[in-house]
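Values in this text are rule-based calculations from the coordinates and carry no lab data. In this text the structure is predicted, and so the values were computed from the model without any measurement. Cβ placement follows ideal geometry from the backbone for every residue including glycine, while neighbour counts extend to all protein chains displayed.
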Amino acid sequence: MVRYKKNDVIFRQGDVGDCAYIIESGQILIYLTKDDNEIPLSLIGPGEIFGEMALLDNQNRSASARALEETVLNMVNREQVLERVNSSDTIVQLLMRVLLKRIRNQNMKMLAPKKESSLYDLTEWASSPDQKAIDKIKLEIRIKEAFANKEFRLYYQPIIDLKTRQIVGAEALLRWESPKEVIPPIVFIDLLENSSMMIPVGEWIIEQACIDLKEFHKCHPKFVSSINISARQILAPNFLDYIESLTKKYSLSPSCLKLEMTERIMMEGVLAIEMLKKCHNLGYPISIDDFGTGFSSLQYISQMPIDDIKIDRSFVMKITQDLKTQAIVETLLFMARSLNLNVISEGIENQDEMNWLKSKGSQYGQGWLFSKAIPRNDLITKMKTNLII
Ligand code: C2E
Ligand code: CMP
Ligand code: CA
Ligand code: CA
């Protein structure tokens, strides 16, 4: 804590700022100086913070601060402020910069002679980092509109039993059919998963998957659909009720709705794991997606209610050339066998990859060798005409 006497100046406009202050007791005047006159901006007291702007936008002090009486201040250092700002959402950062810029502009206008005030550059901050945040918020708006306009579709990529070469099920993959093109999830899934839109979109995905599954069952009664579930979705308070009510509404058995989740779910803590267990107890099979690429603690695998693991494409694509990758995948397959887990290898693009994986014990496969993700009716046609491999 630092003490100031009445009329002490804490800092002056234009100084370099390296900390902000919280007032413990006393009173502070924030002011500008123009032609030896003070222009008061704000009178603040205990509990209030000042001097934060220079830390947030790394510019000089935008105004001066003076104690109006005996005053005690707590100092907040730059790191304390910046750590929080830098870890916040980029759109929040953008909004903050806009506000700071506006306050600085207003202060400058009060100081500038009238005719010069228009010279002050009001456009300079449309530079690249801000542009990214602007693009992000624009994409978020487009996602909302696309959902309202029913532009989202589920495509299906078949999952194949590598021994029999029969389709056993499919993974539902989200597509955005905009009027111009089909947009893959890589463009929007991160933004979607980190926004509140994931809940309504996720609910739509589950219902559409149930509707489509009824159709698949007409030509393949044991067909299993795998749905990608984000951590945000499974942690939503009504997730379990929702999926259960839909399973009943469409008279489906939970055993044909598989939930795919990445290892990231384990980092969400006890609550997420409890949810997984509840889903599993109700009969929904659980797949761990992108296995081996994230948080892979062998500890949890034995404790988790997992039915199968999906070996990530990044392994499969190197499997025929890279000895180290071969060793890792053989180890994963051995582990899965010992723990009684099924293995689905993802992203199989050629016969050599398939042969290698099959010979080492991967029961199931998925990839462009068999089929890309296709609309529901195309998959039904494929199954009816037995067009797979
Ligand atoms: P993922 O769950 O790992 O899905 C597999 C991705 O690999 C899909 O990309 C699929 O089209 C692609 N893929 C499959 N086989 C091959 C292959 O042989 N070669 C190559 N190069 N790629 C292959 P997609 O559809 O673009 O999905 C990307 C990611 O988006 C998914 O990764 C998943 O994390 C997420 N995602 C997709 N749909 C949903 C959804 O409905 N909900 C949620 N939460 N996430 C989804
Ligand atoms: P900083 O720019 O670091 O130093 C001056 C401080 O005065 C600033 O942070 C804000 O805390 C505060 N300040 C600047 N302009 C105004 C204003 N227009 N109204 C109220 N407070 C202000
Ligand atoms: Ca997946
Ligand atoms: Ca995957």
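Some notes on this structure:
- Entry note, the chain: the mean residue ellipticity at 222 nm calculated from DSSP H runs of n ≥ 4, each adding -39500 (n - 2.57), is -12500 deg cm²/dmol after division by the residues and rounding to the nearest 500.
- Taking SER345, SER230, SER62 in turn, the Gaussian network model of the chain (Cα-Cα springs below 10 Å) assigns the largest fluctuation to SER62.
- Extension gain from LYS372 to TRP204, taking 0.36 nm per residue of separation minus the Cα-Cα distance: 58.2 nm
- Counting Lys and Arg as +1 and Asp and Glu as -1 over every other residue whose Cβ lies under 11 Å from the Cβ of ASN228, the net charge comes to -3.
- Annotation: extensible slack from LYS384 through SER359 equals 6.2 nm (criterion: 0.36 nm per residue apart, minus Cα-Cα distance).
- Cut-off 17 Å (backbone N to label point 7 Å along Cα→Cβ of PHE147), residues of the range 194-229: 194-209, 228-229
- Between helix 323-338 and the chain there is an angle of about 70 degrees, using the helix long axis and the longest principal axis of the Cα atoms.
- Greater than 26 Å apart at Cα, pairs in LYS138/LYS249; LYS277/LYS318; LYS360/LYS384; LYS249/LYS278: LYS138/LYS249; LYS277/LYS318; LYS360/LYS384
- Per-residue Cβ neighbour rank within 10 angstrom, fewest leading, TYR156, TYR4: TYR4, TYR156
- Cα long-axis angle, helix 198-219 against the chain (0 to 90 degrees, to the nearest 10): 10 degrees
- Candidate lysines for bridging to LYS136, where Cα separation is under 19 Å - those fewer than 8 sequence places away on the same chain excluded: LYS144
- Using a simple spin-label model with pseudo-atoms 7 Å out from Cα toward Cβ, ILE103 and GLN131 lie 2.8 nm apart.
- Förster radius 51 Å - calculated FRET efficiency between ASP241 and ASN350, Cβ distance, rounded to 0.05: 0.70
- For the range 158-215 and the range 31-96, distance of Cα centres in Å: 47 Å
- From the alpha carbon centroid of the range 249-323 to that of the range 1-28 is 54 Å.
- Simple label model, 7 Å out from Cα along Cβ direction - GLN80 to GLU48, nm: 1.9 nm
- Cβ-placed point charges (K, R +1; D, E -1), dipole of the chain about Cα centre in debye, nearest 20: 900 debye
- Choice from ILE189, ILE344, ILE23 with maximal GNM fluctuation in the chain (Cα, 10 Å cutoff): ILE23
- In terms of its alpha-carbon gyration tensor, the range 135-385 comes out rounded; the largest-to-smallest axis ratio a/c stays below the 1.5 threshold.
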